[in-house]
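Colleague: Below are the structure tokens for one structure; questions will follow.
What follows is calculated from the coordinates using simple rules that are stated; it is not laboratory data. Being a predicted model, the structure only gives us computed values, none of them experimental. Ideal geometry is used to build each Cβ from the backbone, glycine not excepted, and the neighbour counts take in all protein chains shown.
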Amino acid sequence: GQQLNQSPQSMFIQEGEDVSMNCTSSSIFNTWLWYKQDPGEGPVLLIALYKAGELTSNGRLTAQFGITRKDSFLNISASIPSDVGIYFCARDYGGSQGNLIFGKGTKLSVKP
Amino acid sequence: DTAVSQTPKYLVTQMGNDKSIKCEQNLGHDTMYWYKQDSKKFLKIMFSYNNKELIINETVPNRFSPKSPDKAHLNLHINSLELGDSAVYFCASSQTGTLYGYTFGSGTRLTVV
């Protein structure tokens, strides 16, 4: 119940295209996080979602917390070459410590 | 200023050696973490630690031990290194009660030969 299923595993798109990726879980929880990892760097938080149904934007990125509290999607509009990287969904493990459980990532490649 | 800094960036060592990776954060956070990223890019929590509580992921071998000299530092010691320990190790920090400022270091690539 603690695993996150993230899809697709990888995407190859043309610059300017829109991108959508999603995460699902068999259990409900209270937080969704979306991270991006550039090559040779650590993950960087893009968007945090705290309420079911919440829709949040960060520039060209939009993420939603599913109403069932078991899923979330991340959309990137009008992709550019610097969007290349691995995108991870994550959730809080629970308890007093902020341990995160990560999805397996979506590797995005953008062709100029 | 780097918020969460790890050293070294790269570490190549022989099987059986003992090594340490250092982590420092200047964000004033009260909790620090170590994550392991394997060759398939899967990120998994190893430890979380604040001044009150150490939580260890039960899958982590006891050859791995975190040591915190103070709130701003959480070092990772690894004894008797094995080939399977090769991975990228990330340190992170956060403040209890919020996930929004959760910050990762840039990673240490450990290669055991």
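Colleague: Any chance you could tell me what percent of the C-alpha pair distances in chain B go past 16 Å? Intermediate values should be presented prior to the final figure.
Modeller: Working: 3539 of 6328 pairs.
More than 16 Å apart: 56 percent of the Cα pairs in chain B.
Colleague: For a quick check: with amide H placed at 1.01 Å from N, whose amide H comes under 5 Å from A:TYR93's, ignoring anything fewer than 5 positions away on the same chain?
Modeller: A:ASN99, A:LEU100, A:ILE101
Colleague: Under 11 Å from a point 7 Å along the Cα-to-Cβ line of B:ALA3: which residues of the range B:20-52 have their amide N that close?
Modeller: What the label zone holds, given the 11 Å backbone N cut-off, is B:26-29.
Colleague: Follow-up question, since we're still on this one. What percentage of all Cα-Cα pairs in chain A are separated by more than 18 Å? Working shown, then result.
Modeller: On the way: 2824 of 6216 pairs.
Of the Cα pairs, 45 percent sit more than 18 Å apart.
Colleague: Based on alpha-carbon positions alone, could you give the equivalent ellipsoid semi-axes of the protein assembly as shown from the gyration tensor, as √(5λ), descending, whole Å?
Modeller: Working: eigenvalues 174, 84, 50 Å².
Whole-Å semi-axes of the equivalent ellipsoid: 30, 20, 16.
Colleague: Neighbouring Cβ atoms within 10 Å as the yardstick, rank B:MET15, A:MET11 fewest first. Can you show the working numbers first?
Modeller: On the way: B:MET15 11, A:MET11 18.
Ranked by crowding around the Cβ, least crowded first: B:MET15, A:MET11.
Colleague: Subtracting the Cα-Cα distance from 0.36 nm times the residue separation, let me have the gained length for B:ASN51 to B:SER65 in nm, one decimal.
Modeller: 3.5 nm is the gain from fully extending B:ASN51 to B:SER65.
Colleague: Only counting other Cβ atoms within 10 Å, I'd like B:TYR33, B:TYR100 sorted with the fewest neighbours first.
Modeller: The order, fewest Cβ neighbours first, is B:TYR100, B:TYR33.
Colleague: Nothing charged except the Cβ atoms of Lys and Arg (+1) and of Asp and Glu (-1): what's the magnitude of the dipole of the protein assembly as shown about its Cα centre? Round to the nearest 20 debye.
Modeller: Values: 21 positive and 19 negative charges, 57 e Å.
That gives the protein assembly as shown a dipole magnitude of about 280 debye.
Colleague: Is there a quick way to get the dipole size of the range A:27-112? I mean about its Cα centre, with the Cβ of Lys and Arg at +1 and of Asp and Glu at -1; what is the value in debye to the nearest 20? Present the calculation step by step, with values, prior to reporting the outcome.
Modeller: Details: 9 positive and 6 negative charges, 40 e Å.
My answer is approximately 200 debye.
Colleague: Taking neighbour Cβ counts within 10 Å as the exposure measure, how do B:ASP70, B:ASP18, A:ASP83 sort from fewest upward?
Modeller: Working: B:ASP70 8, B:ASP18 11, A:ASP83 18.
So the ranking, lowest neighbour count to highest, is B:ASP70, B:ASP18, A:ASP83.
Colleague: Please go through the range B:50-110 and write out the trypsin sites (Lys or Arg not before Pro) that DSSP classes as loop and that have at most 12 other C-beta atoms within 10 Å. Could you put the intermediate results ahead of the total?
Modeller: Numbers: sites: B:LYS52, B:ARG63, B:LYS67, B:LYS71, B:ARG109; in loops: B:LYS52, B:ARG63, B:LYS71.
Here the trypsin sites (Lys or Arg not before Pro) that fit, given the DSSP loop and packing criteria, are B:LYS52.
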